[in-house]
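Asks: Dropping the structure in here first, questions after.
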Amino acid sequence: QVQLVESGGGLVQAGGSLTLSCAASGTISRFYAMGWYRQAPGKQRESVAAITSGSTNYADSVKGRFTISRDYAKNTMSLQMNSLKPEDTAVYYCNAKDYRRDYWGQGTQVTVSS
């Protein structure tokens, strides 16, 4: 019954900004953690950013450039990406965790040109 849908991906020049959004089918309050993962061609999926009720965490590669947030009124989670680099090119996935399992969105493509 849980559905996560990402949006906001696209093409952007290096140094530019992009904001990704993840919309949940219901209240996001039921998730004890949410986050963003990405997977580049030929690479394994990696955690980019995560958020709980009490903290946020970022991969070293994006720290200082990306900001994760939640909007409980809209049941969405966002990832503000600034100072984008070509190495940020990947499919970005929304992730949410409850006490039973992980949930995933379908992914949205982010391409950063040099």
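The values are calculated or read from the model by the stated rules, or taken from the named source; none is laboratory data. Bear in mind the structure is a predicted one, so any value in this text is a computation, not a measurement. Methodologically, a virtual Cβ is constructed for each residue, glycine included, from the backbone with ideal geometry; neighbour enumeration extends over all protein chains shown. For the accessible areas, the whole protein counts, side chains as well, though only heavy atoms, and no ligand, DNA or RNA atoms are used. Shrake-Rupley method; radii C 1.70, N 1.55, O 1.52, S 1.80 Å.
Asks: Kindly check whether there is at least one residue in segment 49-56 that is at pLDDT 95 or above, over 12 Å from the mean Cα position of the chain (by Cα) and closer than 13 Å to LEU79 by Cα.
Replies: yes
Asks: Next question, about the same structure. Among the numbered conditions (1) part of a loop (DSSP other than H, G, I, E, B); (2) at pLDDT 95 or above; (3) surrounded by fewer than 18 Cβ atoms within 10 Å (Cβ to Cβ), tell me where TYR99 comes up short.
Replies: Result: TYR99 passes all but (2).
Asks: Go through ALA59, ALA24, ALA40 for me and flag whichever is touching a residue at least 60 places away in the same chain (Cβ under 8 Å), of a type in the set (A, V, I, L, M) and surrounded by 12 or more Cβ atoms within 10 Å (Cβ to Cβ). Step through it out loud before you land on a result.
Replies: Values: ALA59 fails: touching a residue at least 60 places away in the same chain (Cβ under 8 Å); ALA40 fails: touching a residue at least 60 places away in the same chain (Cβ under 8 Å).
The conditions single out ALA24.
Asks: Then there is this: Between a residue in segment 75-86 that is more than 28 Å from THR27 (Cα to Cα) and any residue that is of a type in the set (D, E, K, R) and surrounded by fewer than 22 Cβ atoms within 10 Å (Cβ to Cβ), which pairs come within a Cβ distance under 7 Å, given they are 6 or more apart or on different chains?
Replies: Partner pairs satisfying both residue conditions: SER83/ARG65.
Asks: Can you pull out every residue in segment 47-92 that is hydroxyl-bearing (Ser, Thr, Tyr) and within 22 Å of LEU11 (Cβ to Cβ)? So that I can check it myself, show each step before the final result.
Replies: If we filter segment 47-92 for residues that are hydroxyl-bearing (Ser, Thr, Tyr), which is where we start, we get 47, 52-53, 55-56, 58, 61, 67, 69, 72, 76, 78, 83, 89, 92.
Scanning segment 47-92 gives SER61, THR67, SER78, SER83, THR89, TYR92.
Asks: Any idea which residue in segment 1-17 is nearest to ARG101 (Cα to Cα), counting only those that are open to solvent by 30 Å² or more (accessible area, probe 1.4 Å) and not small (Gly, Ala, Ser)? Break it down stepwise before answering.
Replies: Residues of segment 1-17 that are open to solvent by 30 Å² or more (accessible area, probe 1.4 Å), as a first pass: 1-3, 5, 7-9, 11, 13-15, 17.
If we keep only those that are not small (Gly, Ala, Ser) as well, we get 1-3, 5, 11, 13.
Details: GLN1: 13, VAL2: 11, GLN3: 13, VAL5: 17, LEU11: 32, GLN13: 36 Å.
If we take residues in segment 1-17 being open to solvent by 30 Å² or more (accessible area, probe 1.4 Å) and not small (Gly, Ala, Ser), then VAL2 is nearest to ARG101 (Cα to Cα).
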